[in-house]
Amino acid sequence: MEPGFVSFWAKFVCRAAGENITDIWELLPKYTSLLPPPQHTMQYLEYLVVTMQQLMGPLPVTDQSLEHQPESYLPWLHMVLSDFEEAQDTPDAPRLFSMLPQSSNHTQFITISSTSLHK
């Protein structure tokens, strides 16, 4: 497997989910470095996109949706962060990130309630 192969497909799936794309065949031409995978692989990628969209907050993910309802993305971010933490023992471990806003973010407060954490 080529270096970066999984990373390219992970970016592809995340972009499709975040932009609320339902037909990933439409997005594929924008990724010129990717060769179209077999049909069964595309069906699995479509399943991943739909699953991710169900876990995310408001779609499509935009600066406005992140600014107005940042707490709605906490369950998704927590799941991703947990997966990243579990992968820290692997050679190509993803970088960890903070669940809290950075000082450069405009949003100063995030509503954290039992409802947003329970999703």
For this session: Select, from SER65, SER72, SER82, the only residue that is touching a Pro at 6+ places or on another chain (Cβ under 8 Å), over 16 Å from SER113 (Cβ atoms) and of a type in the set (S, T, N, Q).
Result: SER65
For this session: Evaluate the following for LEU96: is it open to solvent by 80 Å² or more (accessible area, probe 1.4 Å) and either under 20 Å from TRP9 (Cβ atoms) or not in a helix (DSSP H, G or I) (or both)?
Result: yes
Problem set entry | Complete set of residues in segment 58-86 that are free of Cβ contacts under 8 Å to residues at least 40 places away in the same chain, open to solvent by 70 Å² or more (accessible area, probe 1.4 Å), in a helix (DSSP H, G or I) and farther than 16 Å from ALA10 by Cβ | ASP63, GLN64, HIS68, HIS78, GLU85
Exercise. Within segment 16-39, is even one residue of a type in the set (S, T, N, Q) and open to solvent by less than 50 Å² (accessible area, probe 1.4 Å)?
Worked result: no
For this session: Give the residue, chosen from LEU55, LEU48, that is open to solvent by 70 Å² or more (accessible area, probe 1.4 Å) and in contact with a helix residue (DSSP H, G or I) (Cβ under 6 Å, 6 or more places away or on another chain).
Result: LEU55
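The values are calculated or read from the model by the stated rules, or taken from the named source; none is laboratory data. Nothing here was measured: the structure is a model prediction, and the numbers come from that model. Note: ideal-geometry Cβ built from the backbone for every residue, glycine included; neighbour counts use all protein chains shown. Accessible surface areas use protein heavy atoms only, side chains included; no ligands, DNA or RNA. Shrake-Rupley method; radii C 1.70, N 1.55, O 1.52, S 1.80 Å.
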